[in-house]
Amino acid sequence: MQIATWNINGIKARIEGLIAWLEDFAPEIVCLQEIKSIDDAFPAGVFEDLGYNVASHGQKGFNGVAILSRTPFDEVSAGLPGDDDDQQARLLEAVISADSGAVRVVSLYLPNGNPVDSDKFPYKLAWMKRLEAFARDRLALEEPLVLAGDYNVIAEPEDVHDPAAWEGDALYRPETRHAFRALLNLGLTEAFRACNGEAGQYSFWDYQAGAWPKNNGIRIDHLLLSPQAADRLVSCRIDKRTRGWEKPSDHVPVIIDLDFGVRQ
DNA sequence: ATGGCTGCAGGATGCAGA
């Protein structure tokens with residue numbers, strides 16, 4: 001079972017590329033971030049025509065997450081618990097019982113947090129604390145669980161082309177990296193690092209200053225797995241090709257393959 | 001190298017992103 005996560009940076013601007021990628025890759029489940037669309041304007045029919053069920057949790061102008069699944073959803077739940085005043089659409093959870101296995105999947109878009117001297121940084125850290133409580137709760141279910149999305153966290157120096165340039169940035173601050181490790185220490189496995197030892201593998205390249213041709217990237221899109229999912233992890237890859245396409249997102253898809261041992 | 005692109009909302013440019 002292939003599960004992908006992709007920050008597409010605007011569903012309207014990326015619809016052509018996303019369709020082409022879905023037709024090529026045909027994953028079972030796709031977690032999308034930064035759809036930048038309200039739910040009523042989300043082009044669900046386009047994906048339904050491609051054989052996907054669609055769940056979206058959007059807002060006007062920015063943020064917004066969605067999940068596409070070839071198998072219908074058993075359950076869908078929007079929002080991260082822990083702050084009733086938080087109106088930002090950044091998390092969507094679904095339970096999917098596919099023929100190839102049953103999984104609980106979360107599409108999340110963790111706050112950027114810059115500038116660090118604004119209220120955005122404490123919002124990010126508080127959001128991460130809430131995510132930790134959410135993950136602890138879901139891990140207690142002892143199910144195959146995939147927390148997929150744009151974490152806006154550079155976890156280690158090997159995940160950034162120029163670490164010195166990111167010193168002090170909200171994505172690389174010690175508090176941010178510490179909160180990410182606390183999440184992992186609940187018993188979650190970071191899929192890409194579990195499968196690939198090589199440094200310098202990125203999932204985001206800025207639009208500015210020729211970051212892509214210079215390979216000046218960062219790895220901030222992650223899939224975190226419960227033990228029951230990690231036991232089934234076969235591979236994790238980053239599909240860099242899309243960054244070179246026409247009108248690309250600044251992020252590229254990251255895909256895992258889980259083997260539930262189903263034999264046809 | 002100069003916050004140097006890009007998407008969105010809205011109908012000019014300001015905000016948000018990372």
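All of the numbers you see were taken from the coordinates with simple rules; none came from a lab. What you are looking at is a predicted structure, and each value in this text was computed from that prediction instead of being measured. Every residue, glycine as well, gets a Cβ built from its backbone with ideal geometry; the counts of neighbours run over all protein chains shown.
Quick one: putting +1 on the C-beta of Lys and Arg, -1 on the C-beta of Asp and Glu, what dipole do you get for chain A around its Cα centre, in Debye to the nearest 20?
340 debye
For the stretch A:18-144, what is the charge dipole size about the Cα centre, in debye to the nearest 20, if Lys and Arg each add +1 at the Cβ and Asp and Glu each add -1 at the Cβ?
So the dipole magnitude of the stretch A:18-144 works out to roughly 400 debye.
Rounded to the nearest 500, what is chain A's calculated 222 nm mean residue ellipticity when only DSSP H runs of at least 4 contribute -39500 (n - 2.57) each, over all residues?
Using -39500 (n - 2.57) per qualifying helix, the result is -7000 deg cm²/dmol.
Given the peptides A:90-96, A:169-175, arrange them by the average over their residues of other C-beta atoms within 10 Å, most packed first.
A:90-96, A:169-175
Summing +1 for each Lys or Arg and -1 for each Asp or Glu, what net charge is found among the other residues whose Cβ lies under 11 Å from the Cβ of residue A:227?
-2
Past 28 Å, Cα to Cα: identify those pairs from A:129/A:214; A:120/A:214; A:60/A:129; A:12/A:129, in the order given.
Pairs exceeding 28 Å: A:129/A:214; A:120/A:214; A:12/A:129.
Reachable aspartates and glutamates from residue A:240, Cα under 12 Å, same-chain residues fewer than 8 places away excluded?
A:250
How long are the semi-axes of the ellipsoid equivalent to chain A, from square roots of 5 times the Cα gyration tensor eigenvalues, in whole Å, largest first?
25, 21, 20
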